[in-house]
Every structure is written in C-alpha cells, then in structure tokens.
Amino acid sequence: MTRSSSRTRCCSGGSCATCLAFADQYVPYILPQEHGHRSDVRRLSLTDGGGSGLVIKGRPTFGFTASHFSANDLFRARHTNDLEPRSETILSIDHAQRGLGTASCGPDTAERHRLDARSYRFAYVLRMSRQDQRGS
C-alpha cells in the first residue's frame, strides 16, 4: 500500500477496494505538507463507526484527499508538533494531481505526468448513506 499518491503512483489503476482509516494515513514529514492523495478513484465512502456518512462516485474517476488538517494548517505549521488535528474531516475532491517535480531544484515532472491542458472537466455524484444502505 502506498502512503501517498500522485500521477506517478496510483492504486492499481483505480481498481482497488481498500478500507482505510484516513487519520492513519498521516505522514509526519519534518516540514508538514499535503499528503495522502489518492488517484483514479471510482467510489469513496466516508462513514462513521455506525456506517452513516457520504458516498462519492466518480464519472468515471476522481482524486481525493481526506484529512483532519486543512491545507492552511499544514502550510502554517513549521513542525509536526505544531499541528492540532481538527474534529471534522476536510475532504478535497479533484480531477487529477500533477506528478512530482517542478525543476526548481531538480528534474521537472515527466511529460506523461504533467497536467498541461488549459482546463479539465470531471464529474462525480455525492450521496448521503446510512448503515442500512451500505453496498448500494
């Protein structure tokens, strides 16, 4: 299992079905930064212990990050111990994420992993779920 993903790494071409506690996906980088992005996802279910929550279905796929830290929390923190997890879940949904590398202090992103189009379109469906609706 990968700890984090980008256009250069994804979960078996989007065909995986994994049950993860996203809080366990936190990566304690010395300098806090965004982490845990998942690519090429077809379906995501975020539920509480009772099975109630939110289901997102890609049309066909999407990318996401779920965390107890906002992007601003991570940007402002200088060290991991500066972070205080929020009680709420911060969910970011996107079409894709550019691969690693910017040529600022090393190689640029490989051409096949760049997002060079001027615009992108993607779709997804949000649905509330209850424990008795699981699997639909």
Search result, residues across segment 99-129 that are outside any strand (DSSP E or B), out of contact with any helix residue (DSSP H, G or I) (no Cβ under 7 Å at 6 or more places or on another chain) and either aromatic (Phe, Trp, Tyr) or surrounded by 10 or more Cβ atoms within 10 Å (Cβ to Cβ) (or both) = Leu100, Gly101, Thr109, Ala110, His113, Arg114, Leu115, Tyr120, Phe122, Ala123
Gly36 meets each of (1) free of Cβ contacts under 8 Å to residues at least 40 places away in the same chain; (2) out of contact with any helix residue (DSSP H, G or I) (no Cβ under 6 Å at 6 or more places or on another chain) with one exception, condition (2)
Report yes if some residue within segment 116-123 is under 14 Å from Glu34 (Cβ atoms), in contact (Cβ under 8 Å) with a residue 40 or more places away in the chain and of a type outside the set (Phe, Trp, Tyr); otherwise report no.
-> no
Taking only pairs six or more apart or across chains, which ones have beta-carbon atoms under 8 Å, a first residue in segment 69-81 that is of a type in the set (Val, Ile, Thr), and a second residue that is loosely packed, with under 11 Cβ neighbours inside 10 Å?
-> Thr80/Pro28; Thr80/Ile30
Taking segment 28-57, which residues are in contact with a strand residue (DSSP E or B) (Cβ under 9 Å, 6 or more places away or on another chain), within 27 Å of Arg76 (Cα to Cα) and hydrophobic (A, V, I, L, M, F, W, C)?
-> Leu46
Out of all the residues in segment 73-81, is one or more over 18 Å from the mean Cα position of the chain (by Cα) and charged (D, E, K, R)?
-> yes
How many residues does segment 58-98 contain that are part of a strand (DSSP E or B) and either farther than 15 Å from Ser39 by Cα or aromatic (Phe, Trp, Tyr) (or both)?
-> 4
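No lab work stands behind these numbers, since they all come straight from the coordinates. Everything quoted here is computed from the prediction, not taken from an experiment. When we count neighbours, we look across all protein chains shown, and the Cβ atoms used for this are built from the backbone with ideal geometry, even at glycine.
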